1. Considering each residue of segment 34-51, count those that are assigned to a helix (DSSP H, G or I), surrounded by fewer than 19 Cβ atoms within 10 Å (Cβ to Cβ) and of a type outside the set (G, A, S), and give that number.
2. Please determine, by comparing only the residues of segment 73-88 that are of a type outside the set (D, E) and not in a helix (DSSP H, G or I), which one is surrounded by the fewest Cβ atoms within 10 Å (Cβ to Cβ).
3. Search segment 105-163 for residues being within 23 Å of L180 (Cβ to Cβ) and among the small types (G, A, S), and hand back the single one that is modelled with the lowest pLDDT.
4. Identify the single condition in (1) charged (D, E, K, R); (2) at pLDDT 95 or above; (3) closer than 30 Å to R120 by Cβ; (4) surrounded by fewer than 22 Cβ atoms within 10 Å (Cβ to Cβ) that E17 does not satisfy, given that it satisfies every other one.
5. So is L67 part of a strand (DSSP E or B) and either among the aromatic types (F, W, Y) or crowded, with 21+ Cβ neighbours inside 10 Å (or both) or not?
6. In segment 52-64, which residues are in a helix (DSSP H, G or I) and surrounded by 21 or more Cβ atoms within 10 Å (Cβ to Cβ)?
Amino acid sequence: MSLKHRIEREGIELSSETIERLEAFAKHLMKWNRIHNLTGARTLEAIEEQIFDSLYPILFLPSPETLLDIGTGAGFPGMVLAIVMPDTACTLCEPLAKRASFLGFIARELGLENVTVEARRIEDLPPFFCDLITSRAVTETSTLIAWCRPFIGEKTQLLFYKGEHVFGEVTELARCDYELITRDKRNYLWIKDAYKC
């Protein structure tokens, strides 16, 4: 099933231009990945699954004005979210030079004026408040929250893309208003009041 058909089947409303950009991103990643080994997804189908996994939360998330993605890697979820949320100023933090170079290339190639790529570790990024902080498969929840603290304001929400270990990690979130949304083997940990954590 094509990415376009899958998006339509799930009831996600995206413009044809946005879907074309997602497809272009997938093709460029396939080409770069053969040389630079940016992601473990080796086939177009596998890359499209990662894209869908990244964009799925737009079904329940509010539209943020600003987004920070920690450890964007080859673009998941930060670049995908930047493509589908063109009015959101997206900062993609990725310390590995070859991945940051790819992210910069995609931003230029697809005309994504809402994207800033920071080729550094999150601990070295100057603090600023943002509406939404995302991260996928980087580290455990408590460490992620600690990294997020310099960027958390009163309205900041967190969205962590987690696996099955998240069920043991949420026991530490008693003070937070959070929700776990599960799709297949993915658990989206949505913390709605990050400043309380």
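1. Within segment 34-51, the subset assigned to a helix (DSSP H, G or I) is 34-36, 44-51.
From the residues that got through so far, the ones that are surrounded by fewer than 19 Cβ atoms within 10 Å (Cβ to Cβ) too are 34-36, 44-46, 49.
Now drop any that are not of a type outside the set (G, A, S), which leaves 34-36, 44-45, 49.
Of the residues in that region, 6 qualify.
2. Filtering segment 73-88 down to residues of a type outside the set (D, E) leaves 73-86, 88.
Narrowing the set further to residues that are not in a helix (DSSP H, G or I) leaves 73-77, 85-86, 88.
Numbers: G73: 23, A74: 25, G75: 29, F76: 24, P77: 27, M85: 20, P86: 16, T88: 18.
Result: P86.
3. A137
4. (3)
5. Numbers: part of a strand (DSSP E or B): yes; either among the aromatic types (F, W, Y) or crowded, with 21+ Cβ neighbours inside 10 Å (or both): yes.
Considered against the rule, which asks whether it is part of a strand (DSSP E or B) and either among the aromatic types (F, W, Y) or crowded, with 21+ Cβ neighbours inside 10 Å (or both), L67 comes out as yes.
6. Our first condition is that a residue be in a helix (DSSP H, G or I); within segment 52-64, this holds for 52-59.
Result: S54, L55, Y56.
The values are calculated or read from the model by the stated rules, or taken from the named source; none is laboratory data. These figures come from a predicted structure and were not determined experimentally. Every residue, glycine as well, gets a Cβ built from its backbone with ideal geometry; the counts of neighbours run over all protein chains shown.
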